[in-house]
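The values are calculated or read from the model by the stated rules, or taken from the named source; none is laboratory data. Note that the coordinates shown come from a computational prediction; the quantities given were computed from them, not determined experimentally. Note: ideal-geometry Cβ built from the backbone for every residue, glycine included; neighbour counts use all protein chains shown. Side chains are part of the model used for accessible areas, which takes the heavy atoms of the whole protein and leaves out ligands, DNA and RNA. Shrake-Rupley method; radii C 1.70, N 1.55, O 1.52, S 1.80 Å.
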Amino acid sequence: MSRSRIIVTVAVVLWIAHIALSLTVGAQSPGPILSDVLQLVLGGFLVVALLLAAKRSEGIARAFWHLAAVAYCFWMVAQGLGVYNDIAKTEVVTWLANLLFCFWFAPLAMALFLDPEYEGNIDVIVTLDFVQAVLVCITAYLYFFYLPKSMASAQLAHEVWAPYFGGYAMVALAFVLRAVFAHSRDVRVLFGSFGLFLSLSGCIDALSYYGPGRYFKTGQWFDILWSALLVIPILIAEAWKQSEAPVIPLEPPRRQKRLYAEMLYLIYPVLVLMMSLRIAHDHLALGALMLVLSFLCSSMRLLVTQSRLFVAKERLRREAAHDSLTELWNHKAIMEILERELLRAERDQQPVGVIMADVDHFKVVNDARGHAAGDAVLRIIAGGIAAMVRPYDSVGRYGGEEFLIIAPGCGLTETWELAERVRTHVANCSIMAGGRAVHVTLSLGVATGQSATDFEKVLGGADSAMYRAKAGGRNRVEPGLSRSADASRATTATAERDFWL
């Protein structure tokens, strides 16, 4: 027998035991405390059942079951405080138990913010907004209903439950509507079943305060209904079986936030501030606590927003300057780097080495193995080139299968040696593409410049030298020509480029 079925069997046995206890002992001692203990044990089995359901799930379903488990952990804390109250009743414990019993479902309500198209993740900003909204509810609870009454009273005033049940009904309705309009079968099952369950739970709770339950004491038959509310989610969790794989898009969804939506968030801390000032008039520490919690939520939200803006700015800056395939500098960025290095070389009277590299027979790789394999080869070559240069050298994708290397402070000899190291490394690389080994080589041309006016010359020299390397048999390094030779061979270089392309 599986663990889930064992949990269901034990839960049903405990519920039957609770029925027998209510019918035989009832509200007489030790009936009330035994009734609360049985419900606490049932809550523990329910949390385990929810975690097992989460273990069998993926995506939004797993997040849903985790949130449900957290919600019932809140309920168990409240029930544990209730058991403590049965033994040694205190005012503070009564207050905390009532508060947790009122808001135990808050983590479960966060499931409404789950996005099925993004791995079931909950946005941090939405979570902080929800926590701030819960603080508004708790502050209103304290301001309107509890603090004006005597702390010595064990029962809350009945008028507190009218807005409470209204909010509870709205959460249940939201679950049902989410199920009705969902396209996913799993989402319909999850939110539909729990929407109906929350509706039933709200009706039973309402009967306990406005119906016959108000005349019964702990341990009597009405407690059996509350125990049933613990068995039902266990049965739902046991019957759950995910039928759809989670949808994972290639890119995160773009969320369009308008200014008014951000301004609405400011209502939460303002409401907490206004009510906390009145609460602090009678209970300074409690009012200060609510203000501090609201301030922490607001500060965390601001920090998260600023962090996201910084990350987005850095990502945009990187995307604007880097090649998406190889993660090297793109054509525009590497040209700007070359121009900047030539200006620095002119100021410092130091040469700048430039290497133009082209992958030999790359078209053959694309035609024989496919473009995906060709992209993989380019990424590996780019990583190999970047690994061979110095930390302050720059490597960029010049275009297609061509790469440009800029080596500050290198004369023609040092640039040639660097190019030879790159050539040897790539030639000795073992590259796998399309399930088979691919042997690739580079043809490289080197040139040097010492001023900003050498920009075109140094690029042309390295490019011409690269095509001479191809003409000379490929997999080799050719040095650039002198300034006079460049002028005399310009036409020939153009013809060579047209031939090899």
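Looking only at the range 170-198, count how many residues are free of Cβ contacts under 8 Å to residues at least 40 places away in the same chain and open to solvent by less than 50 Å² (accessible area, probe 1.4 Å).
Qualifying residue count, the range 170-198: 6.
Of the conditions (1) touching a strand residue (DSSP E or B) at 6+ places or on another chain (Cβ under 9 Å); (2) modelled with pLDDT under 90; (3) open to solvent by 60 Å² or more (accessible area, probe 1.4 Å), GLN450 fails just one. Which one is it?
GLN450 satisfies all of (1) touching a strand residue (DSSP E or B) at 6+ places or on another chain (Cβ under 9 Å); (2) modelled with pLDDT under 90; (3) open to solvent by 60 Å² or more (accessible area, probe 1.4 Å) except (2).
Of the residues TRP221, TRP240, only one is in contact with a helix residue (DSSP H, G or I) (Cβ under 6 Å, 6 or more places away or on another chain), open to solvent by 80 Å² or more (accessible area, probe 1.4 Å) and either of a type in the set (A, V, I, L, M, F, W, C) or at pLDDT 85 or above (or both); which?
Going through TRP221, TRP240 in turn, the sole match is TRP221.
Looking only at the range 429-440, count every residue that is open to solvent by less than 20 Å² (accessible area, probe 1.4 Å) and in contact (Cβ under 8 Å) with a residue 60 or more places away in the chain and tell me the total.
3
Can you find even one residue in the range 341-351 that is in a helix (DSSP H, G or I), touching a residue at least 40 places away in the same chain (Cβ under 8 Å), in contact with a Phe, Trp or Tyr (Cβ under 8 Å, 6 or more places away or on another chain) and surrounded by 14 or more Cβ atoms within 10 Å (Cβ to Cβ)?
yes
Inside the range 278-298, can you point out the residues that are open to solvent by less than 60 Å² (accessible area, probe 1.4 Å), of a type in the set (A, V, I, L, M) and either in a loop (DSSP other than H, G, I, E, B) or in contact (Cβ under 8 Å) with a residue 40 or more places away in the chain (or both)?
Those that are open to solvent by less than 60 Å² (accessible area, probe 1.4 Å), of a type in the set (A, V, I, L, M) and either in a loop (DSSP other than H, G, I, E, B) or in contact (Cβ under 8 Å) with a residue 40 or more places away in the chain (or both): ILE279, LEU286, MET290.
Tell me, which helices (runs of 4 or more DSSP H) wholly within the range 1-98 include 1 or more residues that are in contact with a His (Cβ under 7 Å, 6 or more places away or on another chain) and buried (at least 16 other Cβ atoms within 10 Å of the Cβ)? Working first, answer last.
Details: elements: 3-24, 31-55, 60-87.
Helices (runs of 4 or more DSSP H) meeting the threshold: 31-55.
Scanning for something outside any helix (DSSP H, G or I), surrounded by 18 or more Cβ atoms within 10 Å (Cβ to Cβ) and modelled with pLDDT under 65, does the range 155-165 turn up at least one residue?
Of all residues in the range 155-165, those outside any helix (DSSP H, G or I) come to 155-157.
Keeping just the survivors that are surrounded by 18 or more Cβ atoms within 10 Å (Cβ to Cβ) gives 156.
Among the residues that remain, those that are also modelled with pLDDT under 65 are: 156.
Yes.
For the subset of the range 352-366 comprising residues that are aliphatic (A, V, I, L, M) and open to solvent by 10 Å² or more (accessible area, probe 1.4 Å), which member is nearest to the chain's Cα centre (by Cα)?
The residue in question is VAL365.
Given the structure, is VAL395 in contact (Cβ under 8 Å) with a residue 12 or more places away in the chain, under 35 Å from the mean Cα position of the chain (by Cα) and open to solvent by less than 20 Å² (accessible area, probe 1.4 Å)? Please lay out each step first, then the result.
Values: in contact (Cβ under 8 Å) with a residue 12 or more places away in the chain: yes; under 35 Å from the mean Cα position of the chain (by Cα): yes; open to solvent by less than 20 Å² (accessible area, probe 1.4 Å): yes.
For VAL395, the condition - in contact (Cβ under 8 Å) with a residue 12 or more places away in the chain, under 35 Å from the mean Cα position of the chain (by Cα) and open to solvent by less than 20 Å² (accessible area, probe 1.4 Å) - is met.
Only residues that are without any contact (Cβ under 8 Å) to a residue 40 or more places away in the chain and either touching a Cys at 6+ places or on another chain (Cβ under 6 Å) or open to solvent by 40 Å² or more (accessible area, probe 1.4 Å) (or both): list them for the range 454-467, please.
Listed by number, the residues that qualify are GLU456, LYS457.
Taking the options ARG318, ARG308, ARG301, name whichever one is buried (at least 17 other Cβ atoms within 10 Å of the Cβ) and at pLDDT below 90.
Just one listed residue meets the conditions, ARG301.
Could you check the range 367-387 and list, in sequence order, the residues that are among the hydrophobic types (A, V, I, L, M, F, W, C) and open to solvent by less than 60 Å² (accessible area, probe 1.4 Å)?
ALA373, ALA376, VAL377, LEU378, ILE381, ALA382, ILE385, ALA386
State whether the residues of the range 384-404 include one that is closer than 21 Å to ALA471 by Cα and among the aliphatic types (A, V, I, L, M).
Yes, some residue in the range 384-404 is closer than 21 Å to ALA471 by Cα and among the aliphatic types (A, V, I, L, M).
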